[in-house]
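First the structure, in the form of structure tokens, and then the observations on it.
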Amino acid sequence: MSEEKKTTQATPRVEEEVKSYYYPDRDADMEEVGRGYSIWRNNTFRTMVLGLTPLVIINFIYLYNNSDILIDIFDKFQTMVLEEMSNQDPTNIYIIITLAFLSLLGLELVISVFLSKRRREVYLVDFSVFQPPEQYKISHEFFVNHTKNVGWFDQDSVEFQSKLLYRTGLGNETYFPEGITKSTPDVSMESARSEAMLVLSGCLDSLFAKTGLKPQDIDILIVNCSLFNPTPSLAAMMMNKYKMRSDVLSYNLSGMGCSAGAISIDLAKQLLQVHKNATAIVLSTENITQNWYRGNDRAMLVTNTLFRMGGAAIMLSNKSKYYWTGKYRLVASVRVTKCHDAAYNAVYQTEDKKGNKGVRLATGRDLMTVVGDCMKTNFTILGPMVLPWSEQIKFFVNFCYRKLVGGKKVPAYVPNFKKAFQHFCIHAGGRAVIDGLEENFNLSPYDVEPSRATLYRYGNTSSSSIWYELNFIEKQHSVKCGEKVLQLSFGSGFKMNSLVWQSIRDIGPSKKKKSN
């Protein structure tokens with residue numbers, strides 16, 4: 001049997017494995033469920049009793065000893081209470097005291113819950129994705145010919161990449177950096193820096209034009225790029241280019257894979273809880289120039305056919321004025337990292353036998369098992385934060401019943417997350433990944449259209465793909481005020497991160513575009 005027939009027959013089997021491992025039929029971990037409700041425990045009733053009550057007592061004693069007016073008021077109140085108590089039945093007095101005590105406890109509980117829910121809102125003011133110039137566009141034909149002519153790959157590897165290219169879901173117009181497309185590829189440090197500067201400054205300039213923001217207005221800068229980490233850092237490079245303030249809090253995240261974009265947003269959220277009236281910029285990209293694998297290990301050749309040039313710039317703030325002018329508010333962010341060898345080695349940068357550096361991907365069932373297990377944990381934590389009560393009750397009843405009768409006898413109830421979200425931005429990691437999620441979460445073709453369109457038009461742009469998808473939703477679909485968007489990304493580690501945004505105004509194609 002020819003190699004082409006073998007590949008064709010193997011593809012449906014792999015896709016079935018992908019779809020069957022996204023939500024394993026296993027018992028939910030109550031610790032994970034509990035983490036979903038952790039926001040209610042940020043400031044507990046016990047904390048209120050132990051913390052606020054002594055403060056109230058101390059302040060009351062201080063005022064009592066230093067205020068004649070308060071003493072007079074207290075004496076009059078004491079006399080009135082004693083006269084009233086003398087006319088009451090002792091049983092009624094105990095009831096009154098008990099009710100008063102319970103009322104105070106209830107008031108403290110209400111205050112405790114209010115304080116635990118209170119946090120600084122994080123607003124997504126706007127974002128911009130990098131639109132590469134036409135000169136960086138490549139076709140399938142160019143990719144195949146360039147792979148043949150560059151002299152790095154043997155004939156089997158050329159044929160493997162050519163066949164895989166047409167099965168990945170990528171279209172005929174994606175983008176490569178200039179260094180790779182040269183007849184003799186330039187993979188030097190300067191060439192890689194040029195790609196990073198082109199992408200990051202391109203999307204950041206676009207964001208400045210959209211929002212009117214100036215570089216001097218930035219308080220926090222977070223840049224994530226997994227595989228290219230020069231010194232000075234990319235964050236320092238951007239600060240120097242735009243002459244930002246010297247007191248900007250800058251962070252440069254590396255080695256965190258395709259999920260780094262969501263991690264950067266979560267880091268910005270944490271910082272915005274501490275720093276008042278601050279503006280944060282997140283820049284997400286992946287550098288291709290020095291990471292185009294030039295060996296013949298098939299597990300490492302997959303990335304050559306999938307990954308393409310791209311990036312995104314996101315503006316976040318906790319300033320209250322953006323409640324009126326921003327686009328979304330951050331509802332929840334959940335980060336999960338699975339810590340076992342299979343997960344750790346699923347996406348692994350290494351060298352092949354000849355010393356060629358690249359990223360090795362676990363294949364078939366192993367990778368999908370890790371993805372499914374990681375997603376199960378993430379959604380178990382996320383569910384209590386976003387699901388309507390009807391779905392939470394169904395899940396809890398099913399969970400308790402399975403514990404009583406045995407998990408294998410009763411199928412696990414998978415909550416309907418479509419009741420929590422109206423729009424989905426699933427990391428465009430590949431066609432099989434999107435297929436698996438579409439089937440296991442009962443998503444419609446409309447729901448996964450942003451992911452498929454992004455993969456087709458731009459390829460896998462790593463950490464920025466979820467922003468290309470949100471950009472597609474805003475331009476091709478529409479987001480109504482109050483609707484929620486789920487961004488789901490996963491990558492090396494193995495990590496699964498989710499972001500939930502709620503629109504604070506109607507967002508969609510302009511009226512001119514609609515009329516056309």
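The values are calculated or read from the model by the stated rules, or taken from the named source; none is laboratory data. Predicted, not measured: the structure shown is a model, and the values here were computed from it. All Cβ positions, even for glycine, are placed from backbone atoms using ideal geometry, and neighbour counts span all protein chains on display. When the accessible area is computed, the model is the full protein with side chains, heavy atoms only, and any ligands, DNA or RNA have been set aside. Shrake-Rupley method; radii C 1.70, N 1.55, O 1.52, S 1.80 Å.
In region 211-340, Cα pairs under 8 Å separated by at least six residues give a relative contact order of 28 percent.
Built from the Cα atoms of region 259-358, the convex hull projects on average onto 8.8 nm², one quarter of its surface area.
Taking all protein chains together, 293, 413 sort by accessible area into 413, 293, largest first [probe 1.4 Å]. As a calculated quantity, the FRET efficiency between residue 243 and residue 103 at R0 = 45 Å, using C-beta atoms, amounts to about 0.15. Restriction of the trypsin sites (Lys or Arg not before Pro) in region 353-421 to DSSP coil positions whose beta-carbon has at most 11 other beta-carbons within 10 angstrom yields 353, 354, 408, 409. Taking all protein chains into account, the per residue accessible area for region 179-299 stands at 38 Å² (1.4 Å probe). For region 140-200, the alpha-carbon radius of gyration amounts to 1.23 times the rule-of-thumb value 2.2 N^0.38 Å expected for a compact globular protein. Applying 1/(1 + (r/R0)^6) with r as the Cβ-Cβ distance of residue 323 and residue 229 and R0 = 41 angstrom yields a FRET efficiency of 0.65. Per-atom-type breakdown for region 439-488 gives carbon and sulfur 49% of the accessible area (1.4 Å probe, protein chains only).
Multiplying the residue separation of residue 476 and residue 149 by 0.36 nm and removing their Cα-Cα distance gives an extension gain of 113.8 nm. The Cα atoms of region 362-516 define a convex hull whose projected area, averaged across directions, is 10.7 nm². Hey, what's region 343-416 come to in accessible area per residue, 1.4 Å probe, Å²? Accessible surface, normalised per residue, equals 55 Å².
Each of residue 442 and residue 139 was given a label point 7 Å from its Cα along the Cα-to-Cβ line. The distance between the two points is 4.4 nm. Run the accessible area of region 312-427 with a 1.4 Å probe and give the carbon-and-sulfur part as a rounded percent. So the carbon and sulfur contribution to the accessible surface is 56 percent. Working from Cα pairs under 8 Å separated by at least six residues, relative contact order for region 278-352 is 38 percent. Amide H to amide H, with H built 1.01 Å from N, residue 424 comes under 5 Å of 486, counting only residues 5 or more places away or on other chains.
Among the trypsin sites (Lys or Arg not before Pro) within region 194-294, those in coil by DSSP and having at most 10 neighbouring Cβ atoms inside 10 Å are 243, 276. Using a simple spin-label model with pseudo-atoms 7 Å out from Cα toward Cβ, residue 167 and residue 344 lie 3.1 nm apart. Close amide H pairs (under 5 Å, H built 1.01 Å from N) link residue 251 with 221, 222, 223, residues at least 5 positions away or on another chain.
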